[in-house]
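Coordinate-derived values only; no laboratory data. Source: prediction; values computed, not measured.
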Amino acid sequence: MSDQTGFTSMAGPRATSEAPELGIGMLGYAFMGKAHTNALKTLPYMMYPPVAIPKLVAIAGRNEEATAEAAKRYGYSRYYTDWRQLVDDPDVQVFDNGGPNNAHEEPCNAAAAAGKHVFCEKPLARTAEEARSMLDAVTKAGVRHMVAFNYRFVPAIVQARRLIESGAMGRIFHFRAAYLQDWIMDPNFEKVWRLDKSAAGSGALGDLGSHVIDLARFLVGEPTRTHAITKTFIDERPLPGGGRGKVDVDDAFIALLEFENGAIGSVEASRFCAGRNNFNNLEINCENGTIQFNLERMNELNVYWKDDQPKETRGFHNVLVTNPSHPYMSNWWPEGHIIGWEHTFVHEFNHFFSAIVTGADIAPYGATFEDGYRNAVICDAILQSAESRRMVDVKY
């Protein structure tokens, strides 16, 4: 159920024993497999009383030894080395796709056709065409679907959206965001799948930029056109099996955006920013003030009110978003006791399961495959603009 702002509440079954089980089938056992599983195991006793209890049915991956170890470590009842077996498992009701980008479209479409609810990591697909196929598949099947844009579930980000929705900030003039990391700066870093267009679709754009593009849509609205530049700084890298391979994705991008509501903005992402580990920073300048957020200080929201009095002491208010009245925080610790990155996934799955069990809408607070498709369209427009060196309209 939702309150007047659309924020999902904890309404639902009122005791653990009454909450239905949802059988989870996980594709992928690495970074996202660990993050998702941690959230699934934490959810029932922290988002209490749970709207549903995830049952870890099966996990799938190509490497049998690693997949078997993951099943043992995480607590899945069984494992498969073929995702098709996972999709066919009758005990799986929710298909959780944490695989690489080239393993999103076919498995998710098959899971939807089999009547499974589908949760997929971002970006939804390598291209808008693939994303459209996925949206069509879940729509035709009538299953619930969600893209793992987990930063929508940072309490401070939800609080920022509520401020904007309330009208308190007034008209939005500017949105600017940068997502910066430094993990591939070494020229001897191997060409992993994220640096291969056939597997990833794009580089920093899909990996990091899709997040800030989603936050732009979540907080400001729809972009209508873009002008962008992309750059690959290291053209060749060592291959895992020896030799060298061409890097055919962007290492960095910068894009200007114009929004439907008249706001303008800029988004950028790079994996070549020394000293930046996971720096996701955004600022929104509005008629009545400014909102600023930095993921590396994710419990804090900086808010400036233009008409604060007295003028001599006017400045940004640093709000520690840990009060029980703040989004999600009543489920965690006493005020001032901060939460971390991993908790965004708990909130995210709770939102998804609530929609499955209660019939509540996933949108607008959760990202559906429609959001994933629109994100992919914007990413494609950015690449098209960079290649053509001209302004490109965003057309869904």
Study note, to complete from the structure: The Cα radius of gyration of the range 16-150, divided by 2.2 N^0.38 Å with N its residue count, comes to 1.00
Check your understanding: In 10 Å bins starting at 0, how do the alpha-carbon pair distances of the chain split up by percent?
Key -> 5, 22, 32, 27, 12, 2, 0
**Study point:** Spatially proximal aspartates and glutamates relative to Lys395 (Cα-Cα < 15 Å; intrachain offsets below 8 disregarded)
**Key:** Glu129, Glu222, Glu258, Glu260, Glu370, Asp371, Asp380
Revision key, fill the gap. The chain: antiparallel bridges as % of DSSP beta bridges, rounded to 5, reads 60
Review point. Going through the DSSP H helices of the chain, which span 24 Å or more along their own axis at the Cα atoms while scoring at least -0.5 as a mean Kyte-Doolittle hydropathy?
Key: 369-388
**Study point:** Greater than 18 Å apart at Cα, pairs in Lys122/Lys191; Lys55/Lys140; Lys34/Lys122; Lys191/Lys246; Lys140/Lys197; Lys122/Lys197
**Key:** Lys122/Lys191; Lys55/Lys140; Lys140/Lys197
